[in-house]
1. Please give the length that would be gained between Ala40 and Gln110 if that part of the chain were fully extended, namely 0.36 nm times their separation in residues minus their C-alpha to C-alpha distance (nm, one decimal).
2. So if I average 1/r over every pair of distinct C-alpha atoms in the chain and take the inverse, what Kirkwood radius in Å does that give?
3. Report the calculated FRET efficiency for Gln1 and Thr68 (r = Cβ-Cβ distance, R0 = 35 Å), to the nearest 0.05.
4. If Rh is defined by the Kirkwood formula over all Cα pairs and Rg also comes from Cα, what ratio Rg/Rh do you get for region 1-62?
5. Under a point spin-label approximation (7 Å from Cα along Cα-to-Cβ), what is the Val54-Ser30 distance to one decimal in nm?
6. Using modelled backbone amide H atoms (1.01 Å from N, in-plane), which distant-in-sequence or interchain residues come within less than 5 Å of Gly16's amide H?
7. Please work out the average accessible area per residue across the chain, using the 1.4 Å probe convention, and give it in Å².
8. Got a number for carbon plus sulfur as a percent of the chain's accessible area, 1.4 Å probe?
Amino acid sequence: QVQLVESGGGLVQPGGSLRLSCAASRIIFSIYTMGWYRQAPGKQRELVAAITRVGSTNYADSVKGRFTISRDNAKNTVYLQMNSLKPEDTAVYYCNAKLGGSNSWGQGTQVTVSS
């Protein structure tokens, strides 16, 4: 069973930065597409960024130029560097591991952007 553990969330002022990490276990990490999703109160969960096994990335329009997803296959970890944070980035951020029809989620980490 895939295990995903997120860390790095917290409270940050507008314009600040955070880096989220997601450590994966019980999978052959390098072959999975890894992603970050977020869900704000009263809203649907949405894709923030994803990175494939070969390193191709895609981003939500709302975070392009501000967020960067990366992966370290040696550490079984995927990262989300978030810069120039805005109040509208406030949400619970979830790590996702996808391979074929399988889809696994972490427990989520809260990111709050507020002055």
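The values are calculated or read from the model by the stated rules, or taken from the named source; none is laboratory data. Here the structure is a predicted model, which is why all the values come from computation and not from measurement. Quick reminder, even Gly has a Cβ in these numbers, built from the backbone with ideal geometry, and neighbours come from all protein chains shown. Heads up: the accessible areas ignore ligands, DNA and RNA and are worked out on the full protein's heavy atoms, side chains in. Shrake-Rupley method; radii C 1.70, N 1.55, O 1.52, S 1.80 Å.
1. Separation in residues times 0.36 nm, less the Cα-Cα distance, equals 24.2 nm.
2. 14.0 Å
3. 0.75
4. My calculation of the ratio gives 0.99.
5. Reported label-point gap for Val54 and Ser30 is 1.6 nm.
6. Long-range HN contacts for Gly16: Leu85.
7. Averaged over the residues of the chain, the accessible area is 52 Å².
8. Ligands and nucleic acids excluded, carbon and sulfur give 47 percent.
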